[in-house]
1. I need a count of the residues in region 78-134 that are closer than 11 Å to residue 146 by Cα and of a type in the set (Gly, Ala, Ser).
2. Looking at (1) modelled with pLDDT of 85 or more; (2) touching a Ser or Thr at 6+ places or on another chain (Cβ under 8 Å); (3) open to solvent by less than 70 Å² (accessible area, probe 1.4 Å), which is the one condition that is false for residue 93?
3. How many of the residues making up region 143-159 are touching a strand residue (DSSP E or B) at 6+ places or on another chain (Cβ under 8 Å) and either closer than 10 Å to residue 91 by Cα or among the aliphatic types (A, V, I, L, M) (or both)?
4. How about region 97-136: which of its residues are open to solvent by 20 Å² or more (accessible area, probe 1.4 Å), β-branched (Val, Ile, Thr) and either in contact with a helix residue (DSSP H, G or I) (Cβ under 8 Å, 6 or more places away or on another chain) or in a helix (DSSP H, G or I) (or both)?
5. Residues 73, 31: which one is modelled with pLDDT of 85 or more, basic (Lys, Arg) and open to solvent by 60 Å² or more (accessible area, probe 1.4 Å)?
6. Of everything in region 34-55 that's hydrophobic (A, V, I, L, M, F, W, C), exposed (fewer than 10 other Cβ atoms within 10 Å of the Cβ) and at pLDDT 60 or above, which residue is nearest to the chain's Cα centre (by Cα)?
Amino acid sequence: MAMGTDGAALNGPDLARAALQAAREQSKAKRSTARRRYGGAGQRRRRSWSGPGADDRDPQPLGRLASRMAADRGWADRLSGGRVFGEWSTLVGGDIAEHTKPVALKDGELSVQAESTAWATQLRLLQRQILKRIADGVGKDVVRRIKVQGPAAPSWRHGPRHIPGRGPRDTYG
């Protein structure tokens, strides 16, 4: 129980007045130390300007912020893998990109699908040059191997059930 200056116990409104008076005294003491620290009443210490050099407080380009965030969170490898798909035509050239498309990139192995068997063979022959172009454009060790796939044949299998057999070949005649 709180005691007053005359030694009597305080309760109700008297207790509230005493608490308010103590809070005011504490606030006054804090203000007087702040004045001494900053050199006067009402003066606050100003933030220093960044100056002519670059500083973290200066406005940053969005690309720089995004790359810093990707590096901090460990997304850099996946983003560089995504660049292979996004910049495929500039990395391998227009001719090759017109007849091929990247399908998947997993553990450094890029799966590429060609539109014909001739282009698949050509891609296998140019594999070293393509790997070098990708490494120069995106970064080393993003793509270490290329797996070339030929054209995909159409599937005659529709629906959840399938009966083994030759399929629709015997119905054309």
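1. So the answer is 3.
2. All conditions pass for residue 93, except number (2).
3. 4
4. Selection gives 117, 121.
5. 73
6. Going through the qualifying residues, I end up with 54.
The values are calculated or read from the model by the stated rules, or taken from the named source; none is laboratory data. As the structure is a prediction and not an experimental result, all values here were calculated from the model. Cβ coordinates were reconstructed from backbone atoms using ideal geometry, including for glycine residues, and neighbour counts include every protein chain displayed. Each accessible area value is taken on the protein alone, full model and side chains, heavy atoms only, with ligands, DNA and RNA left out. Shrake-Rupley method; radii C 1.70, N 1.55, O 1.52, S 1.80 Å.
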